[in-house]
Amino acid sequence: MTRAVLSLGANLGDRAATLAEAIDGLAADGLVAVSALYETPPWGPVEQPPYLNAIALVDGPRDAAGWLARAHELEQAAGRTREVRWGARTLDVDVVLVSYDDGAPVVSDDPALTLPHPRAHERAFVLVPWAALDPAAVLPGRGPVADLLAALPPGEVDAVVRWEGRP
């Protein structure tokens with residue numbers, strides 16, 4: 001058994017419905033908890049609409065590669081295409097962290113799946129919902145999520161706003 005921290009985001013189409021479908025899909029995979037939705041500005045060099053983001057915690061028999069495969073399945077079901085790096089997406093599911101039953105993190109420098117996620121500590125759209133969902137969360141090799149969040153520029157953190165639309 002492993003626990004995975006997954007970051008979900010959508011900025012095309014009915015963003016909330018897309019995230020709800022992905023979260024429903026994770027229910028069969030051992031969904032433990034999911035954060036509220038947060039509206040966030042797009043990240044990266046491509047102009048695009050704002051995202052809705054969430055964090056999901058899942059427990060299951062998958063290894064790290066299995067969680068990545070599941071993330072790709074969810075993206076494919078949502079009609080995601082990979083045409084532009086950091087471009088607009090119907091659904092983006094990133095594997096942020098995978099840990100074993102004893103809490104030890106899976107560490108990987110494989111370019112296909114680097115774990116823990118190499119840029120999670122820089123991304124308010126990951127850290128804000130994660131800290132709200134699990135205030136004691138720790139990103140191995142980086143420290144407590146709350147401390148990582150406090151180290152980000154306040155403007156980046158303030159731009160991640162809890163979304164009050166329909167879930």
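Computed from the coordinates by the stated procedures, all read-outs in this text should not be read as laboratory data. Everything quoted here is computed from the prediction, not taken from an experiment. Using ideal geometry, Cβ is built from the backbone for each residue, glycine included, and neighbour counts are taken over all protein chains shown.
Data overview
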item	result
Cβ-placed point charges (K, R +1; D, E -1), dipole of segment 15-104 about Cα centre in debye, nearest 20	300 debye
Listed values (1) 60, 34, 26; (2) 40, 35, 30; (3) 56, 38, 30, entry calculated as Cα extents along the principal axes in Å	(2)
Residue-span extension gain [E164 to A65] - 0.36 nm each, minus C-alpha spacing	32.2 nm
Projected label distance in nm at A36 and A136, using a 7 Å step from Cα toward the beta-carbon	2.2 nm
Rounded FRET efficiency, nearest 0.05, which uses the C-beta distance separating A151 from D102 and R0 of 30 Å	0.60
Estimated FRET transfer efficiency (Q76, V46; beta-carbon r; R0 25 Å; 0.05)	0.75
